[in-house]
Protein chains: 2
Amino acid sequence: MTISSPEIKQRMAHFEQVCRTSGIKLTHQRIEIFREIAQKGDHPSAEMVYRGVRKRMPTVSLDTVYRTLWLLKDLDLVTMLESAHEKARFDARLSPHHHFVCMSCGLTQDLNCKEFDNLKPPKSAKALGQALITHVEVRGICFKCAEKEKTASDKTGR
Amino acid sequence: MTISSPEIKQRMAHFEQVCRTSGIKLTHQRIEIFREIAQKGDHPSAEMVYRGVRKRMPTVSLDTVYRTLWLLKDLDLVTMLESAHEKARFDARLSPHHHFVCMSCGLTQDLNCKEFDNLKPPKSAKALGQALITHVEVRGICFKCAEKEKTASDKTGR
DNA sequence: TTAGGTGCAAATTCTTTGCACCCTG
DNA sequence: CAGGGTGCAAAGAATTTGCACCTAA
């Protein structure tokens, strides 16, 4: 999937604005790396971004791509699929169920919900393949992390 | 979360039966590794399983834990959270949307669905923390992989 | 000008593999 | 007893880090 040109422009403008606001330097590398993600809708990996950017800028290094990607993520300019950084985790429960994932510490807890169990894949999924499982992931902040953040903000005032 | 004793027994029985059916040897290591996952509901990582099993069997090696975990997964005796093996993947689309993930090749495609957008976190999530985002992941087989499997089965007859 | 950013190469972390010995069936 | 399974140590893959040079503001 390729993103339409006005949409890309808007994304680039937003990117530049956020960088300025955050006092982050607008380097060639950062611009090209962000553009690479902004103009592609196929959820590229760091390696894929690297290869794409190298076409236009043959000297970028892979580690700059990584540093920039995490930076963009911290600035909420991109989102991440699959919790990279996370190790594989296993579950012996085979019956369908859902998850609550803490966005701060990554703790994953089972979530039982009849309503979710009964969700049917939408028509739009039919265009992509054969849908088998509909799994809901509720993301939020677990109580332990909420407590921690509260304590921290009491100190920093932030 | 600890799993109730009858439930564990049932899981162990199922495990032993599947191993026999598949002609997989029931070694001490495999039994203890499966038990470790079966009796815990907290989605342990390979490292955590390793530490748990070592208490009862100090000589197991981490690589046996890994080999056994992937084996259990192949036998559909355990499921995996977070697509380990997968690299981090990025997305510049910030508006909420959902995903169709191919269970065979891992291809992730955006899925638009108003019904999913409007899903509210269930009451049971309130007990775990503050819910912020409800994300649906439809898992299935994409057309490309379905085609591949079809071609393969034409040959193997499986 | 100068602090933050980059490239390089080496380090880390998680996971996999080759090989000789061991144990289940 | 035979062939799959295991432990060890070493290899791989993805990501991170230290350091000296570079460049946007």
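Just so you know, all these numbers are worked out from the coordinates, no wet-lab data involved. The model shown is predicted, which means the values in this text are computed figures rather than measured ones. Glycine gets a Cβ as well: all are built from the backbone with ideal geometry, and neighbour counts include every protein chain shown.
Structure summary
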{"read-out": "Label spacing, shortest first and in nm, from A:L94 to its equivalents in the remaining copies (7 angstrom along Cα→Cβ)", "value": "4.4"}
{"read-out": "FRET efficiency estimate (nearest 0.05) - Cβ-Cβ, B:T21 to A:C105, R0 35 angstrom", "value": "0.35"}
{"read-out": "Residue order, fewest to most beta carbons within 10 Å, for B:L69, A:L62", "value": "A:L62, B:L69"}
{"read-out": "Total formal charge among the other residues, if their Cβ is under 11 angstrom from that of B:A131, Lys/Arg +1 and Asp/Glu -1", "value": "+3"}
{"read-out": "Environment charge of A:L75, counting only residues whose C-beta is closer than 12 Å and scoring Lys/Arg +1, Asp/Glu -1", "value": "0"}
{"read-out": "Normalised contact order of chain A, rounded percent, pairs of Cα under 8 Å and 6 or more residues apart", "value": "15"}
{"read-out": "Over chain A: helical MRE at 222 nm, DSSP H runs n ≥ 4 each giving -39500 (n - 2.57), nearest 500", "value": "-14500 deg cm²/dmol"}
{"read-out": "Spin-label pair B:K148/B:S5, simplified geometry with 7 Å Cα→Cβ offset, distance in nm", "value": "4.7"}
{"read-out": "Alpha-carbon centroids, region A:8-27 and region B:3-63: separation in whole Å", "value": "50"}
{"read-out": "Contact order relative to length of region B:1-89, as percent, for alpha carbon pairs under 8 angstrom and 6 or more apart", "value": "27"}
{"read-out": "Residue mean of other protein chain beta carbons inside 10 Å, B:118-128", "value": "6"}
{"read-out": "Protection proxy ranking of A:129-136, A:23-30 - average other beta-carbon atoms within 10 Å, highest first", "value": "A:129-136, A:23-30"}
